[in-house]
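In what follows, a structure is listed as structure tokens, so that the remarks can point back to it.
The values are calculated or read from the model by the stated rules, or taken from the named source; none is laboratory data. Remember, predicted model here, so these are calculated numbers, not experimental data. Note: ideal-geometry Cβ built from the backbone for every residue, glycine included; neighbour counts use all protein chains shown. What goes into the accessible areas is simple: the full protein's heavy atoms, side chains included, and nothing from ligands, DNA or RNA. Shrake-Rupley method; radii C 1.70, N 1.55, O 1.52, S 1.80 Å.
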Amino acid sequence: MPGDRGDSPNEVVLRVDRDAVPGLRDAFADALTRVDVQLGLVDKELRVTPWAKDPVSLGASTVFNDRSLDSDADAAVDLLRSYRDQLDAAVQNLDMTAKQYQTVDDENVTGAGNASQG
């Protein structure tokens with residue numbers, strides 16, 4: 001499935017065989033569901049508290065939380081959210097592709113029916 005260049009230099013148009021669309025959509029939707037489950041656990045179970053209430057555990061928990069949850073754009077959870085957004089976009093695009101294929105099929109059937117009646 002090689003891609004072609006789109007309208008802008010950074011845009012790649014991916015051509016997808018219509019028979020592959022349902023399987024691709026299901027794979028992306030499954031990954032999206034799994035990521036959503038993990039993101040649901042983030043606030044409840046990922047944050048670490050200082051376990052010994054001493055300066056070392058306080059520092060370690062702060063560093064862990066910063067790198068995992070709290071830093072601006074580099075936190076692991078932010079990257080996971082970005083990945084989730086990309087998966088969601090892929091599912092939506094595959095849904096639109098399936099609808100476009102169905103519309104073309106419907107038009108072809110309607111057009112063939114009209115041609116045989118005329």
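Points worth noting:
- Estimated FRET transfer efficiency when R0 is 25 angstrom, pair Thr49-Ala29 (beta carbons, to 0.05): 0.10
- Rolled with a 1.4 Å probe across the full set of protein chains, the surface gives Thr110 an accessible area near 80 Å².
- Euclidean distance of C-alpha centroids, region 25-104 and region 10-24, integer Å: 25
- For region 29-73, pairs of C-alpha atoms spaced more than 14 angstrom apart make up 59 percent of the total.
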